[in-house]
């Protein structure tokens with residue numbers, strides 16, 4: 001597995017964002033039957049100021065958020081259905097896409113929910129990675145499917161149900 005980590009906010013290094021990202025991707029690949037060694041993803045660990053810019057540029061929302069994701073290719077499924085698994089390209093690589101995650105928002109949300117920040121960040125990395133794989137939560141059926149999978153994945157990592 002190749003995870004390119006860009007630590008734009010040093011608090012991410014102290015928290016262990018590279019390890020959290022690898023653990024989340026490894027759990028997803030094991031659960032879905034994807035060869036983790038074929039996967040590539042980029043992660044930007046930033047602050048609220050940077051993620052606010054990205055959210056404004058890409059989603060036209062002028063506010064900070066916890067995590068953003070940009071899939072390398074559209075993998076969405078019909079409403080309520082599981083997305084197709086990605087296939088390696090001619091070089092044997094599954095390019096998943098990019099994720100940005102904000103330390104400020106994650107820390108504030110974890111504090112408000114009285115959760116360890118490591119648990120909350122792991123949940124958000126799982127969430128963002130599932131978006132890269134075509135999962136979504138716009139419709140109720142899709143949200144139920146995604147939340148159930150998130151809960152199962154987090155349980156395998158010893159993290160309680162975030163919902």
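The values are calculated or read from the model by the stated rules, or taken from the named source; none is laboratory data. Given the structure is predicted, the values throughout are model-derived calculations rather than measurements. Cβ atoms come from the backbone with ideal geometry, glycine included; neighbour counts cover every protein chain shown.
Against the condition surrounded by 15 or more Cβ atoms within 10 Å (Cβ to Cβ), without any contact (Cβ under 8 Å) to a residue 40 or more places away in the chain and more than 13 Å from the chain's Cα centre (by Cα), how does residue 123 come out, does it pass? Lay out the reasoning, then the answer.
Working: surrounded by 15 or more Cβ atoms within 10 Å (Cβ to Cβ): yes; without any contact (Cβ under 8 Å) to a residue 40 or more places away in the chain: yes; more than 13 Å from the chain's Cα centre (by Cα): no.
Answer is no for this residue.
Of all residues in segment 128-152, how many are exposed (fewer than 14 other Cβ atoms within 10 Å of the Cβ) and within 12 Å of residue 32 (Cα to Cα)?
The qualifying residues number 1.
Go through segment 101-138 and give me each residue that's touching a helix residue (DSSP H, G or I) at 6+ places or on another chain (Cβ under 7 Å) and modelled with pLDDT under 95.
135, 136, 137
Whether any residue in segment 81-94 is part of a strand (DSSP E or B) and surrounded by 15 or more Cβ atoms within 10 Å (Cβ to Cβ) is what I want to check.
Going residue by residue through segment 81-94, those that are part of a strand (DSSP E or B) are 94.
After this cut, where a residue has to be surrounded by 15 or more Cβ atoms within 10 Å (Cβ to Cβ) as well, the list is 94.
Looking through segment 81-94, at least one residue is part of a strand (DSSP E or B) and surrounded by 15 or more Cβ atoms within 10 Å (Cβ to Cβ).
Would segment 68-76 turn up any residue that is surrounded by 13 or more Cβ atoms within 10 Å (Cβ to Cβ), within 23 Å of residue 144 (Cα to Cα), touching a helix residue (DSSP H, G or I) at 6+ places or on another chain (Cβ under 7 Å) and free of Cβ contacts under 8 Å to residues at least 40 places away in the same chain?
No: zero hits.
On the given criteria, is residue 11 surrounded by fewer than 17 Cβ atoms within 10 Å (Cβ to Cβ), more than 21 Å from residue 134 (Cβ to Cβ), in contact with a helix residue (DSSP H, G or I) (Cβ under 7 Å, 6 or more places away or on another chain) and at pLDDT 95 or above?
In short, yes.
Filter the helices (runs of 4 or more DSSP H) completely within segment 101-158 down to those with at least 3 residues that are touching a strand residue (DSSP E or B) at 6+ places or on another chain (Cβ under 9 Å). Even if it seems obvious, please write down each step before you answer.
Numbers: elements: 103-113, 117-132, 140-156.
Helices (runs of 4 or more DSSP H) meeting the threshold: 103-113, 117-132.
Could you list all residues from segment 129-150 that are more than 14 Å from residue 161 (Cβ to Cβ) and free of Cβ contacts under 8 Å to residues at least 24 places away in the same chain?
Correct list: 137, 138, 140, 143.
If you take the residues in segment 36-51 that are touching a residue at least 24 places away in the same chain (Cβ under 8 Å) and either out of contact with any strand residue (DSSP E or B) (no Cβ under 7 Å at 6 or more places or on another chain) or within 20 Å of residue 156 (Cβ to Cβ) (or both), which one is surrounded by the most Cβ atoms within 10 Å (Cβ to Cβ)?
Step one: list which residues in segment 36-51 are touching a residue at least 24 places away in the same chain (Cβ under 8 Å), which gives 36-48, 50-51.
From what's left, either out of contact with any strand residue (DSSP E or B) (no Cβ under 7 Å at 6 or more places or on another chain) or within 20 Å of residue 156 (Cβ to Cβ) (or both): 36-37, 39, 41, 50.
Numbers: 36: 15, 37: 11, 39: 23, 41: 25, 50: 18.
Per the stated criteria, the residue is 41.
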